[in-house]
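Shown next, in structure tokens, is the structure this report addresses.
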Amino acid sequence: MTIRKELRFGFALMAMIIVALLLIIPWGHVTNGHLGLIMLGLVVVAIMLGFPTAFTLMGMGMFFGWLSYRSVNPDIAVRQILDLMVQRTYAVMSNDVLIAIPLFVFMGYLVERANLIDKLFKSLHLALARVPGALAVATIVTCAIFATATGIVGAVVTLMGLLALPAMLRAGYSVQLAAGAITAGGCLGILIPPSVLLIVYGATAGVSVVKLYAGAFFPGIMLAALYVGYVIVVAKWKPHLAPPLPLSERMVPLPPVAQTLSARGSNAITGLFGGLNDTSLAKKTVLGQLLLAVLPALVISALLAMVYFSATAPLVVTDTSGLTETGGLVAAPLEEKSEVNNGVQEPPAELGGLKEPPAETTGIQEPPAAASAASVEPAAQASAMAAASAPGTEAAAAAAPERLAAPTWYWVFLAIGLGLALLINWLMSWQRLEIFKMLLVSFFPLAVLIISVLGSIVFGLATPTEAAAVGGLGGMLLAGAYRYVNARATPGGSALGRTAVELVGIVRESSFLTAKTSAMVCWLFVGSSIFSASFALLGGQELIETWVLSLGLTTLQFLLLSQFIIFILGWPLEWTEIIVIFMPIFIPLLAKFNVDPLFFGLLVALNLQTAFLSPPVAMAAFYLKGVSPKHVTLNQIFAGMMPFMGIQVLALFLLYTFPAIGLWLPGLLYK
């Protein structure tokens, strides 16, 4: 029955497109612009029928491009369209931005196979056990963290469907809430860097991928926070939909040292300090456990010190002494004289006070004026140079300026930081210490990889392509390290040898999947490039632009119209098709309405998550259905996704109302 409903919806949508074309096109006088609209409608219908997107775009583009050339010069139309195909294909091949796509995809597949997402999910749901809806919250947080390392929606949804869905169903969670949390969290990879969508949009719109990554950072966090807030509210309002974890599932087995010392007190830090004097315990082991326990306080202290040195850094004053403004050959000697005469003075009497300077002392002079520059007394110059170079003088003291006084906000920040450190130490029980160690093992290596890749991009230390290459190497090392740890924990043969064999298989499989995904994206770019060129040749872009401008829309109305169209297109089409087909139509209109392409790209990225969450072509639902138990139906998954789609609309509204959410960080880093 579900398939029939989907087919009915799809055929109804295709019928609406065809009827619209029949009504809009003046069939008695069809121009090239109308042929462009026909081509656009036919492409959407063909993709909905299941034809390969890339080759459909390429075939439609070449056929209608040939019609355009044929209307001008039929004799050379075939040669022209073949030349166009070669030129557009070469342009895609020479686009340096696209090199980052296979490298990021390769990194994502390696991290996916590193077998750390299950450890990360388990440690997070134990750490968040006291939060309402802990399992669903841990699912969304895990998806958000994993999205920053992979960006592969299908992989994240599938893995979390295997790990989180059975755990939530066993805990008595509602099927709808569990499915919605997994599908919505899994789609965060579309928006959160290193999103492949942002690379594709940047290459299509000519926007810096680095700025897009910086701009998408806070909107991604905002959307994940909205998801988490919704889950907590639902779990608090209707506890039967997300029951709290039983106490037995919150407990972590303690190691022997912790079991011995836990009898002396519940606080791990004080217990470990006391254990240093216990001769029955290995001091090295106790010291290592103590270092782990106070690690959060040490990190907070280091952060406070960094902020202090940054806030009290002396102002750097650029020394412009001896520099002459361009064309100011006479002004320089006058300034030197004033410095020798101890600062700013009234004009000398011979200049006649505040009046226009005589001709021989103004503006740019002829070469003879250089003689006056040399008329400065040699003794004065020598004394000034000696004063500047002599140790112990004011000039030497100015070379090492004192630090500034710490501002008021720093002391507030210091108080909060110290209070947080004391609170963490006070709450550090033996159970929490074990959970913290689990988080450290599962999250810290991944966090280092994420920070090194995204941090190097955002702060301008490396291009996206260079950072993606380093990320691929880091993903390979991470996969090897975790496989080695697992191999050591299981008996049988050499752990190093088994790790090497498994790593070769991981790299081979990841390389194959990367080649498959990258080939799809590159063919999409070739097809869309040919399609866009033919659409422009036919005058379709000009026709749409004229129509939109004739509506007299304001900037807000244009944004609402464009985002509504993208939202509707997200039902039958995937984000790749929307970006490569429709963005070349919208991008030229942005300048007409004074819309920043960077801001528009963030809105589109946030909006296009509906392509994975909106039925009937919600790919995330089908990914989840493929790994879920038989009693979980597609209708239940769709119902669970609906509230999260509403949250996406809210996030779009917040981003438009407060553009600084997306534009503040790029503006701060790339002034």
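The values are calculated or read from the model by the stated rules, or taken from the named source; none is laboratory data. Because the structure is a prediction, the values reported are computed rather than measured. Cβ sites come from the backbone with ideal geometry, for glycine too, and all protein chains shown count toward neighbours.
Residues that are among the polar types (S, T, N, Q), surrounded by fewer than 19 Cβ atoms within 10 Å (Cβ to Cβ) and over 19 Å from the mean Cα position of the chain (by Cα) within segment 414-453 comprise N425, S429, listed in sequence order.
Among the numbered conditions (1) farther than 22 Å from A54 by Cβ; (2) at pLDDT 80 or above; (3) not charged (D, E, K, R), the only one that Q609 does not meet is (2).
Counting only helices (runs of 4 or more DSSP H) that sit wholly inside segment 237-285, those with at least 1 residues that are touching a residue at least 24 places away in the same chain (Cβ under 8 Å), under 15 Å from M428 (Cα atoms) and touching an Asp or Glu at 6+ places or on another chain (Cβ under 8 Å) are 256-261. Within segment 62-115, being charged (D, E, K, R), closer than 30 Å to N486 by Cα and either in a helix (DSSP H, G or I) or free of Cβ contacts under 8 Å to residues at least 24 places away in the same chain (or both) holds for one residue alone: E112.
Of all residues in segment 624-648, exactly one satisfies the criterion of being free of Cβ contacts under 8 Å to residues at least 12 places away in the same chain and either closer than 16 Å to L613 by Cα or in contact with a helix residue (DSSP H, G or I) (Cβ under 7 Å, 6 or more places away or on another chain) (or both), namely G646. Only residues that are small (G, A, S) and touching a residue at least 24 places away in the same chain (Cβ under 8 Å) were counted across segment 551-586, and they come to 2.
All told, F104 falls short of being closer than 25 Å to Y173 by Cβ, modelled with pLDDT of 80 or more and among the aromatic types (F, W, Y).
When you check G474 against the structure, is it surrounded by fewer than 15 Cβ atoms within 10 Å (Cβ to Cβ), within 21 Å of S195 (Cβ to Cβ) and in contact with a helix residue (DSSP H, G or I) (Cβ under 9 Å, 6 or more places away or on another chain), yes or no?
So G474 does not fit the description; no.
Condition check ((1) surrounded by 15 or more Cβ atoms within 10 Å (Cβ to Cβ); (2) β-branched (V, I, T); (3) closer than 23 Å to E545 by Cα) across all residues:
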| position | (1), (2), (3) |
| --- | --- |
| M16 | no, no, yes |
| H34 | yes, no, yes |
| L57 | yes, no, yes |
| I81 | yes, yes, no |
| A91 | no, no, no |
| D96 | no, no, no |
| I101 | yes, yes, no |
| F106 | yes, no, no |
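Please indicate, with yes or no, whether at least one residue in segment 515-532 is more than 30 Å from M39 (Cβ to Cβ) and in a helix (DSSP H, G or I). Yes, that holds for at least one residue. Restricting attention to segment 69-92 and to residues that are closer than 25 Å to C522 by Cβ and among the polar types (S, T, N, Q), the residue that is farthest from the chain's Cα centre (by Cα) turns out to be Q80. Scan segment 481-488 and tell me whether some residue there is buried (at least 19 other Cβ atoms within 10 Å of the Cβ), within 30 Å of the chain's Cα centre (by Cα) and either among the hydroxyl-bearing types (S, T, Y) or modelled with pLDDT of 85 or more (or both). Within segment 481-488, one or more residues are buried (at least 19 other Cβ atoms within 10 Å of the Cβ), within 30 Å of the chain's Cα centre (by Cα) and either among the hydroxyl-bearing types (S, T, Y) or modelled with pLDDT of 85 or more (or both).
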